[in-house]
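Undergrad: Below is one structure. I have some questions about it.
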Amino acid sequence: MSLAACGTNNNSTGSASPLSASTAGSSTPASSIACAQGSLTASGSTAQSNAMSQWTKTYQTDCSGSTINYQGGGSGKGVTDFTSGTTDFAGSDFALTAAQKPAADARCGTGNQAIDLPMVPGPIAVGYNLPGVTSLNLSATTIAKIFSGAITNWDDPAIKADNPGATLPSLGIQTFHRSDGSGTTFNFTNYLQNDAGSAWTFGHDKTWSAPGGQGSKGTAGIAQGVKTTPGGIGYMELSFATQNSIPYAKVGNAQGKFVELTTANVVNFLSKAKITGTGGDLALTFDYANPDTSAYPAVLVTYEIVCATGNKSATLPVLKSFLGYLAHSGQDILEKNGYVKLPENIATKVQAAVTAMA
C-alpha cells in the first residue's frame with residue numbers, strides 16, 4: 001500500500017525531493033473529528049492507500065466503536081464494487097466516466113446521483129537513472145518523444161537543448177510504463193496530450209498504448225526497473241521515487257518553463273482546475289494551458305465516489321463523519337505521506353458536498 005505525491009521554484013538546481021514522503025502517521029485530536037459510530041466498507045484506488053491507511057487508523061482510534069475497512073484493488077474494482085452495492089464508497093484515480101455514471105447513479109436509487117469528491121492530490125514524478133547526472137530538464141515534447149520511441153539515446157540533441165552545458169552520456173534510453181490499467185497512466189498521458197502537442201499522438205487513457213519500452217505491473221515495478229537500469233526512465237508517484245532514491249526531472253509546462261516538483265508548484269497547478277461535474281458532482285478538469293509559469297502539470301487527484309442522496313440511514317452518519325474528517329483536518333497528514341493537500345478553493349466545495357449528503 002505504497003504511493004503517491006508532490007513536489008520549489010523554477011530556479012532550483014537540485015532534483016532531490018524537498019517534500020518528505022515519510023510513511024509516519026499523524027494523530028488527529030479527537031476534538032477535531034465529529035465522530036459517529038458505525039462501519040464502512042470501501043475499495044478502489046491504490047494511489048491513495050497510504051493516506052487511507054493513516055486516515056482509517058486515526059479515525060478508528062479517535063472514534064471508538066467505528067470500523068473503516070478500505071481495500072485497494074484498483075480504481076476499476078472500486079467502481080464495480082460501489083455500483084454493485086457491496087461497498088459504501090469507492091476510491092478512484094479518475095472521475096466516473098460517461099459509461100460508468102448511469103450504473104453508479106442507479107446504485108444510489110431512482111432520482112439520486114453518485115458524485116465524485118476529489119480528495120487526494122498526488123504529483124507524478126519522471127524518474128531517471130543517469131550515472132553522474134543529478135539534475136535534468138525535460139520539456140513535454142521531449143518526454144513525449146522519449147516515451148514514444150522517437151528519442152532513443154540520452155545525448156540526443158533535443159535532450160541537450162533542454163539541458164545546455166550539461167554533460168549527458170551516450171547511453172541508450174530504456175523507458176518503463178505500466179502494463180496494467182492505471183490512473184497514473186491516465187493522468188501522465190493526459191499531460192502529454194495537452195502539453196506536448198503533435199509529439200504525442202497516443203491520446204490519454206488508463207491503458208498504455210505507445211509502442212516500445214518495458215511494461216511493469218504497478219508503480220513498484222516501474223520504480224524497480226528504473227533504479228536497476230542505467231539509462232532507465234519512468235513515470236511514478238513521487239513516494240516511489242523518494243523511497244527508492246530515484247532522481248526526477250523538472251518537467252516542461254504549457255508556458256515552456258521547466259518546473260520542479262514541489263508542494264507550492266503542484267498547488268499552483270491544482271488550484272486552477274475547473275469543476276466540470278454537474279448537480280453537486282465535483283469532477284475536475286485540469287487547466288493545462290493555465291498561464292502560471294510555476295505550475296507543475298503532471299498531477300493526479302483521487303476521488304471518493306459516493307451517493308449524494310439515497311445513502312442508507314444506518315451508515316449515513318459515519319459516512320459523513322469519516323469523509324468530513326478526510327476533507328477537513330485529515331488533509332493535514334497528506335504531505336507527511338507523499339501527497340499534497342487539496343487547494344482551499346476545492347477543499348471548501350468538497351466539505352460542503354459532504355455536509356449536504358443525505
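Undergrad: Is one or more of the residues making up region 48-64 on the phi > 0 side of the Ramachandran plot and part of a loop (DSSP other than H, G, I, E, B)?
TA: No - not one qualifying residue is present in region 48-64.
Undergrad: Regarding residue 77, is this residue among the charged types (D, E, K, R) and farther than 24 Å from residue 278 by Cβ?
TA: In short, yes.
Undergrad: May I ask you to list the residues in region 242-291 that are of a type in the set (Lys, Arg) and either within 27 Å of residue 117 (Cα to Cα) or crowded, with 20+ Cβ neighbours inside 10 Å (or both)?
TA: Correct list: 250, 272, 274.
Undergrad: Now for a different question. Does region 163-186 include one or more residues that are hydroxyl-bearing (Ser, Thr, Tyr) and either in the same structural domain as residue 97 (by TED's automatic domain parsing) or exposed (fewer than 14 other Cβ atoms within 10 Å of the Cβ) (or both)?
TA: yes
Undergrad: Still on this structure, I have one more. Among the residues of region 125-140, write down those that are farther than 23 Å from residue 227 by Cβ, touching a Leu at 6+ places or on another chain (Cβ under 9 Å) and either surrounded by fewer than 24 Cβ atoms within 10 Å (Cβ to Cβ) or charged (D, E, K, R) (or both).
TA: Passing the criteria: none in range.
Undergrad: May I ask you to list the residues in region 65-108 that are surrounded by fewer than 21 Cβ atoms within 10 Å (Cβ to Cβ), of a type in the set (S, T, N, Q) and not in a loop (DSSP other than H, G, I, E, B)?
TA: If the condition is that a residue be surrounded by fewer than 21 Cβ atoms within 10 Å (Cβ to Cβ), of a type in the set (S, T, N, Q) and not in a loop (DSSP other than H, G, I, E, B), then 67, 69, 71, 80 are the ones that fit.
Undergrad: Output the qualifying pairs, or none if there are none: Cβ atoms under 7 angstrom, residues six or more apart or on different chains, first residue in region 109-124 and crowded, with 24+ Cβ neighbours inside 10 Å, second residue outside any loop (DSSP other than H, G, I, E, B) and among the small types (Gly, Ala, Ser).
TA: The qualifying pairs are 114/104; 115/353; 117/353; 119/327; 120/51.
Undergrad: Continuing with the same structure: Please count how many residues of region 292-335 are under 30 Å from residue 193 (Cβ atoms), surrounded by fewer than 20 Cβ atoms within 10 Å (Cβ to Cβ) and in the same structural domain as residue 46 (by TED's automatic domain parsing).
TA: Within region 292-335, residues that are under 30 Å from residue 193 (Cβ atoms), surrounded by fewer than 20 Cβ atoms within 10 Å (Cβ to Cβ) and in the same structural domain as residue 46 (by TED's automatic domain parsing) number 1.
Undergrad: Just to be sure I understand the filter: pairs with C-beta atoms under 6 Å, separated by 6 or more residues or on different chains, first member in region 320-331 and among the polar types (S, T, N, Q), second member assigned to a helix (DSSP H, G or I). Which pairs pass?
TA: Hits for this filter: 329/32.
Undergrad: Spot the failing condition for residue 184; the list is (1) over 19 Å from the mean Cα position of the chain (by Cα); (2) closer than 12 Å to residue 237 by Cα; (3) among the β-branched types (Val, Ile, Thr), and only one is missed.
TA: All conditions pass for residue 184, except number (1).
The values are calculated or read from the model by the stated rules, or taken from the named source; none is laboratory data. Note that this is a predicted model, so its numbers are computed, not measured. Cβ atoms come from the backbone with ideal geometry, glycine included; neighbour counts cover every protein chain shown.
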